[in-house]
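Working notes, structure below.
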Amino acid sequence: MRLAFERHDAIVRSAIESHQGYVFSIGGDGFGAAFGRVSDSLSTVTPPQAALGSPRRPRGAEVEIRRVATGHNEEGKAVFVSDEMVTPVTLALLPGSEFHLLWGADSTVTFPGDGSRPEVKRYFPPVSGFRFGFFTIPPDGGAGAPADLDIEAALAQLEEKLPGLAEHLEPDNPGMHTTATIDYGVVLSGEADLELDNGAKVNLTAGDSYIQNGTRHRWSNKGDVPAVIAVTLIGANHSKVG
């Protein structure tokens, strides 16, 4: 047990110090640390989990996300209307990728309302619509789609589960896509590379945010753990997207 604690302490301390943090207290398996930036503190979380083995995410396991929604009762008072776990959408065509479809609407919402989840028709929102969810990018170099995958069936599954997504993808440039949306995203864990035209890239780590203004792009993950990103998509007009 002593050796296990020593290993744990060494891994956590190394992660804190490598992100310019300062350890000011230790109690049991808990560390008190100070950081100059919030993003540094968030980036410290993933390496120890990967090194020690996180019980929250065994390799290959899907992660459910808790979703709490509010609304109004008949008297117009604010109330909690739902509290449930959301299972991600997974696809045979994209092993390791996950899409948590948490909320959205296809038009401007009017309040007060009962807080029920609006129905949406497609993965991406129309003008005046929005989407909120998480998406998970697996590390590059994974197993990929199996060699014997039924492509026709996999594409049908993609259209069934995420309607309209496939039509935005570029067959000759895997992963590249352009949407008529403004995307506001925050990396929650792991790291991801955001690539634009001409190979321009930026690496985003836990705590980093981005604003995607209808630009052509694709994602990759050169890390060794999945990258989880929370994103809100706002429907917009785009002269190059039908």
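Every number in this text was worked out from the coordinates using simple rules, so none of it is lab data. Predicted model only: the values in this text are computed from it and were never measured. When we count neighbours, we look across all protein chains shown, and the Cβ atoms used for this are built from the backbone with ideal geometry, even at glycine.
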Checked Gly115, Gly129, Gly141 against criteria (surrounded by 16 or more Cβ atoms within 10 Å (Cβ to Cβ) and farther than 18 Å from Val86 by Cβ); the one match is Gly129
Inside region 106-144, can you point out the residues that are over 30 Å from Asn221 (Cβ atoms) and either among the small types (Gly, Ala, Ser) or in contact with a Cys (Cβ under 6 Å, 6 or more places away or on another chain) (or both)?
-> Ser107, Gly113, Gly115, Ser116, Ser128
Working carefully through the options Leu194, Leu149, Leu155, find the one that is in a loop (DSSP other than H, G, I, E, B) and touching a residue at least 24 places away in the same chain (Cβ under 8 Å).
-> Leu149
Within region 77-89, considering residues that are in contact with an Asp or Glu (Cβ under 6 Å, 6 or more places away or on another chain) and assigned to a loop (DSSP other than H, G, I, E, B), the one farthest from Arg67 (Cα to Cα) | Pro88
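Out of everything in region 90-100 that is under 14 Å from Ile137 (Cβ atoms) and of a type in the set (A, V, I, L, M, F, W, C), what residue ends up being nearest to the chain's Cα centre (by Cα)?
This residue is Phe99.
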Going through region 121-143 in order, the residues found to be assigned to a loop (DSSP other than H, G, I, E, B), touching a residue at least 24 places away in the same chain (Cβ under 8 Å) and not hydroxyl-bearing (Ser, Thr, Tyr) are Lys121, Arg122, Phe124, Pro125, Pro126, Val127, Gly129, Pro138, Pro139, Asp140, Gly142, Ala143
